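Comments concern the structure below.
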């Protein structure tokens, strides 16, 4: 594949770009465009909203690029991928190759650095290749090609003039002479003209005269591995004392880390750890008045001890926090903090920067409300205030502060209630200095807004997973996420529960339902999370029909007995081990659903084709927590390269049980009193 | 719907636009963007390749625009379509309305002028509407809204300051006073605040503070009706003498027009009418040497009498041509000319502008070839020569010359062998002065190149229709053209035959096959065409396996007996009458296929929902020209609003026969010795 050596071509305008079309004579006649493109380059992929946003990839992925490239007539074309790595000053190139069946050009590059990559596509006419192909056809037809040989010599002369180095220049000049002047008959010279050595030289040295570039530069954002594959655990540090009457400290939380690590989690996510407001503090079960000793909601941020960069005094000091972070790191985990841009009535910003809030006609500041509901313990920020620059930078500096304390992941609270423009700016601003930072968007809102937040830069997103409980709902939603456009930019993080969401399925299904949802979350998505208490199947709602917990940890300190018999710890350990051992469970867009004849049993496949270590898993999950279900599942034999009638052994990674299956249709029975599902690997 | 009165807003940069993101402090910190957008506007439709090209519409069509529009939080938004008509200096606006189910904003404008339209979308926060909705909720909840009323008064004050005219200004000021100062209790004032008169005033006068525009201006090219609906007839004027030994003239051709008009055609298309080259002229049946008197191929353009703006002397003079055009116009038809940019060895340009051609090393000019084939009677132009400006302008001037002689339609020969950039420029250049001009692209090449020519400006395109003969092929191809992206920009013109294409289906199927293809072409596509001789079912190929005609008219003069008993004139008259009477056959994207239980019978529906004149046709066509076929067809009862078991009458517009049908499944039998198909209209 020919790649011209000029490494920084000046892209030509495209057919539709205005500068290609503005020459006029004095009488108003429009002259032909000055530098029109010779070649059409269209539908370059991957591209998100025509290059407005970056697609997302993970360090070590290969970026596979494809494009439609064509021009008029019958000339042979050549093309290349041109890309710039995150901190590279210059463009680099990789060949694109034509695939006749799809009529597409394809190529790729290994993404070996995190950060922002840029790429585009160049194409040009392969003059020498075209000439050579025509020469061959004429020779085959027995035509006299003397003139064609002289034309070829002209091409070689052009390449010769371009070469600076002596040997190559001499070599090319000799080829030109041989094509032009050799005393041999033309058919002898023709044989020389077709010499592959000449083709190689010319491919390397003949500069394109019609180099055309795609009219967009496209972007890829490359994250570290944890952005795609991680198990999250959410815990309130104040509940880690083991005694509901004593406010936990970071020292308590540090002691709790060992168990979390043993369960196999990668990320420990803490709700806000900042001073909790006192004024209008919420009492237990979200009541309007707090009793003495009630700790309040940690999302009511700010008190006498400070705001978003301070630590709630009852938790300890910043040094305690640093020790907590270091302990997590030693256990192979990282700490994620909550980034909730709102203030309690006692936040220092209300005094220092009242102009950052909404003022009312009576001079008071405006608390949060969603009429007729009022949230008097929370004041929203006015992101469009006159002092916007300083407010936005102060919000950014909160992130920088915690990054300097070892926090590399932020769970962002309700980003859909702050301007998109703010998120776009602040994420870019942080990523420019710290490309390793991960942002998880907690936006439970309409699909287009959730997607927009992912487009503008959020690394991961909360999803509707919690509310998708039937086979049909799960399949439709997962296909949308993993097979359609969101796969390029939205990374779902499947939380099985959160402090705000206790789904009716868990309330009604009890422990077996928790096991089902755990297995689904951890095998359908490489990113999943649990909020502490899940492992004890805590499932009592505030009231019937509510998704809020009774005695919600948002408003009180909890003490839990992790050794309780109903604990799901064994399930969690087992699942996280299987996830770490099986590459197929670490990827997002490798999911397919297959037929199960009973719609209470969901049957799906995750596969990884990594060179040397193919990994193929078949999951069957009984969605009915109350009853045993059986079904015939339809194994995709072709995809697994299994014969239509050959027996094969599948091993359940959950239990170690082995089954001999044969052909496509195979029997599965799942009893919720035993196991919620199978995670089957084909043994060959 | 609120439409701010400012008619020329300066669009704000969008999130992804670079100018929104380039402020830095002296220490390199990036400041927040200066004018970031407040609102996301995405997926504006219709849009072709993200606005690179114009979508196509017809005069009188409504342009239906839709968009995704959203922002953070809970504010109510407003939006408008902003558009500029072809010769308008200013933007105009039309409201966009939100549809909750699709989560899309939609609106439209009637396209009442041909030429280039531009449009985009604006959105803003409806501050007063948001305030009013929240006020209502608070009142309903019995909350004190005194402060809210003051906030509303501030909004009214803002609107007041903006109004220049006395009465409105006074009225608004009074509203503000009433909200602020009235002695009445707040709940009295609240009732006033919700007054619809105030809402109307505020909607009209409160200027948006966050007007955001879509980041592209999109284009629509609007053609006259003939661009979408027309029956074409191709004839060689030199064959119109009625005597194969006498070269026909324009006077002969003029006499032939009456019959063509009676057949119901709208466009008479003539192969090149210019002087035919003598040097290397092709003989009959494409032989290498012409016998004395052989007329040669009219596509070998140019001789002693001139080039592309001259008339072949044997046809007559330019005055004769003008008379021919006038006669066609009197009969309600227009004349289409062939635009074939190539030269015979005798074309004046070879002497006057040898630099417009490809030179060989021996100084000779290069004839056309597609190795190993040689076309020594044709010289291609070098569109990238040094004198490109003058060559391109000369090519443009050919079009202007014929336009000045009443030609408003050009059938462009092999556009895929000339640069895309040339077509883009020349079509734009002609359309800027003459938006009524129609260009038909004759590019039989790979799909992406055909589509690209349509995108860059060709009005209509030849298609693969000739080679689609089975039910499955026809359905797949028509669905691609009428239901997928090409529907926005590629208008297929279904030629049932051409001088180059006599398909095996016609060769083998004889007259019944011709009747089938005629019916398919004229009912599947609002644009269709016949090349003369079709009506006599001429179907003898040059040799077995060839799609060329024996005694091809391309190389000799033909005389035909139109009164021959095998004539299809009756079929043609009948079809063209039905097409003119039925709006459903005049539209392109209104086609759906429905089930037929025998795949030799194709069953499809064309529908038009024009207000006051709904038009619904069901076509059943027997694709087997040799045998009678029968089938059960499945009528789409829901779409036709017919009951599941109600009898209904269908009338065949071809024969006048009436059938009583009932329910979805109905019987059809078609015998090729009688009729090739049914064109059924439901009589209610």
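Before moving on, here are some points about what is shown:
- Screening A:398, A:438, A:427 for residues that are assigned by TED's automatic domain parsing to the domain that holds residue A:275, in contact with a strand residue (DSSP E or B) (Cβ under 9 Å, 6 or more places away or on another chain) and without any contact (Cβ under 8 Å) to a residue 60 or more places away in the chain leaves exactly one candidate, A:427.
- Members of segment B:286-306 that are farther than 16 Å from residue B:375 by Cβ and surrounded by fewer than 19 Cβ atoms within 10 Å (Cβ to Cβ): B:291, B:292, B:293, B:294, B:304, B:305, B:306
- Residue in segment A:179-186 that is closer than 18 Å to residue B:362 by Cα, touching a strand residue (DSSP E or B) at 6+ places or on another chain (Cβ under 9 Å) and not in a helix (DSSP H, G or I) present: no
- Scope segment B:31-49; condition crowded, with 18+ Cβ neighbours inside 10 Å and in a loop (DSSP other than H, G, I, E, B); matching residues: B:32, B:33, B:36, B:37, B:38, B:39, B:46, B:47
- Every condition in (1) over 30 Å from residue A:458 (Cβ atoms); (2) touching a strand residue (DSSP E or B) at 6+ places or on another chain (Cβ under 9 Å) holds for residue A:264 except the one numbered (1).
- Test: residue in segment B:495-502 that is in a helix (DSSP H, G or I) and buried (at least 21 other Cβ atoms within 10 Å of the Cβ): no
Yes/no per residue for (1) more than 14 Å from residue A:680 (Cα to Cα); (2) in contact (Cβ under 8 Å) with a residue 40 or more places away in the chain; (3) touching a strand residue (DSSP E or B) at 6+ places or on another chain (Cβ under 9 Å):
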{"residue": "A:582", "(1), (2), (3)": "no, yes, yes"}
{"residue": "A:595", "(1), (2), (3)": "yes, no, yes"}
{"residue": "A:604", "(1), (2), (3)": "no, yes, yes"}
{"residue": "A:609", "(1), (2), (3)": "yes, no, yes"}
{"residue": "A:626", "(1), (2), (3)": "yes, yes, no"}
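- Matching residues, segment A:190-200, being in contact with a helix residue (DSSP H, G or I) (Cβ under 6 Å, 6 or more places away or on another chain) and touching a residue at least 24 places away in the same chain (Cβ under 8 Å): A:190, A:193, A:198
- Residue identified as within 29 Å of residue A:461 (Cβ to Cβ) and crowded, with 22+ Cβ neighbours inside 10 Å among A:324, A:357: A:324
- Some residue of segment A:66-73 being more than 9 Å from every other protein chain (Cβ to nearest Cβ), modelled with pLDDT of 95 or more and over 30 Å from residue B:360 (Cβ atoms): yes
- Filter pass, residue B:52 being surrounded by 19 or more Cβ atoms within 10 Å (Cβ to Cβ), within 11 Å of chain A (Cβ to nearest Cβ) and either touching a strand residue (DSSP E or B) at 6+ places or on another chain (Cβ under 7 Å) or modelled with pLDDT of 95 or more (or both): yes
- Restricting A:420, A:439, A:444, A:410 to those that are surrounded by 23 or more Cβ atoms within 10 Å (Cβ to Cβ) and closer than 27 Å to residue B:101 by Cβ reduces the list to A:420.
- Verdict on residue B:258 being buried (at least 16 other Cβ atoms within 10 Å of the Cβ), part of a helix (DSSP H, G or I) and touching a residue at least 40 places away in the same chain (Cβ under 8 Å): no
- The condition of being within 11 Å of chain B (Cβ to nearest Cβ) and in contact with a strand residue (DSSP E or B) (Cβ under 7 Å, 6 or more places away or on another chain) holds for only one of A:371, A:361, A:354, A:380, that being A:380.
- Criterion: at pLDDT 95 or above, part of a loop (DSSP other than H, G, I, E, B) and assigned by TED's automatic domain parsing to the domain that holds residue B:676 - qualifying residue of B:599, B:645, B:630: B:599
- When residue B:257 is tested against (1) in contact with a helix residue (DSSP H, G or I) (Cβ under 9 Å, 6 or more places away or on another chain); (2) within 21 Å of residue B:494 (Cα to Cα); (3) assigned by TED's automatic domain parsing to the domain that holds residue B:527, only condition (2) is not met.
- Of the residues making up segment B:100-149, not one is over 23 Å from the mean Cα position of the chain (by Cα), loosely packed, with under 14 Cβ neighbours inside 10 Å and modelled with pLDDT of 95 or more.
- As for segment A:109-116, it holds no residue that is more than 20 Å from residue A:589 (Cα to Cα) and within 11 Å of chain B (Cβ to nearest Cβ).
- Condition met for residue B:206 (assigned by TED's automatic domain parsing to the domain that holds residue B:48 and in contact with a helix residue (DSSP H, G or I) (Cβ under 7 Å, 6 or more places away or on another chain)): yes
- Segment A:318-336, residues that are out of contact with any strand residue (DSSP E or B) (no Cβ under 6 Å at 6 or more places or on another chain) and touching a residue at least 24 places away in the same chain (Cβ under 8 Å): A:318, A:320, A:321, A:322, A:323, A:324, A:326, A:327, A:329, A:331, A:332
- Helices (runs of 4 or more DSSP H) (entirely within segment B:385-486) containing at least 3 residues that are under 21 Å from residue B:343 (Cβ atoms), more than 9 Å from every other protein chain (Cβ to nearest Cβ) and out of contact with any helix residue (DSSP H, G or I) (no Cβ under 8 Å at 6 or more places or on another chain): B:388-403
- Just one of the listed residues (A:317, A:309) is under 21 Å from residue A:395 (Cα atoms) and surrounded by fewer than 17 Cβ atoms within 10 Å (Cβ to Cβ), namely A:309.
The values are calculated or read from the model by the stated rules, or taken from the named source; none is laboratory data. Remember, it's a predicted structure, so these values are computed and weren't measured experimentally. A quick note on method: Cβ atoms are made from the backbone with ideal geometry, for glycine too, and the neighbour counts reach across all protein chains shown.
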